[in-house]
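Since every read-out is calculated from the coordinates, none of them should be taken as a lab result. The structure displayed is predicted, hence computed values, not measured ones. Glycine also receives a Cβ, built like all others from the backbone with ideal geometry; neighbour counts cover every protein chain displayed.
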Amino acid sequence: MADVLESPVYARIYATIRRVPRGRVCTYGEIARAAGAGGPRQVGFALRHSFDRRLPWHRILNAAGQIRAPGASGARQRALLAAEGVRFTARGRIDLRRFGWVAPWPAGELPR
DNA sequence: CGTCTGACGATAT
DNA sequence: TATATCGCCAGAC
């Protein structure tokens, strides 16, 4: 199990994702910044390889407020979000000004 | 090492 | 608003 996903950076990525509140959403880029990850694509990688990790993975969208999860996951994501009260625009996007959540402080650090 | 891929993001058009 | 392009970066091989 010497999985790369067990490294500290992934632990921070997952920890940050777990902080996204129900009914709110966050972007790949914001998670990456707050977790001190290499970048948005690393967050995508983390999610793609994270079955069964008790993560609110469906609350992660791209910077345009669009679902980027591939295939069936996309439809599932949309349903999960709708179930938490997140509303979509007519063209299937989410208004980040309204549902967006920004990490208050970087993972690992505490406010002072 | 070099090359390719991708659940990204910013910018130009 | 949509598409094209480029920058970015971890992993896979």
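In region A:36-51, what count of residues is obtained for those that are touching a Lys or Arg at 6+ places or on another chain (Cβ under 8 Å) and near DNA strand C (Cβ under 10 Å from one of its atoms)?
Here is the first cut: in region A:36-51, the residues touching a Lys or Arg at 6+ places or on another chain (Cβ under 8 Å) are A:36-37, A:44.
Among the residues that remain, those that are also near DNA strand C (Cβ under 10 Å from one of its atoms) are: A:37, A:44.
Looking only at that region, the number is 2.
Among the residues of region A:74-94, is there at least one that is under 15 Å from A:Arg18 (Cβ atoms) and among the hydroxyl-bearing types (Ser, Thr, Tyr)? No, the conditions are met nowhere in region A:74-94. With the structure loaded, tell me whether A:Ser50 is without any contact (Cβ under 8 Å) to a residue 24 or more places away in the chain and of a type in the set (Ser, Thr, Tyr) or whether it fails that test. No, not satisfied.
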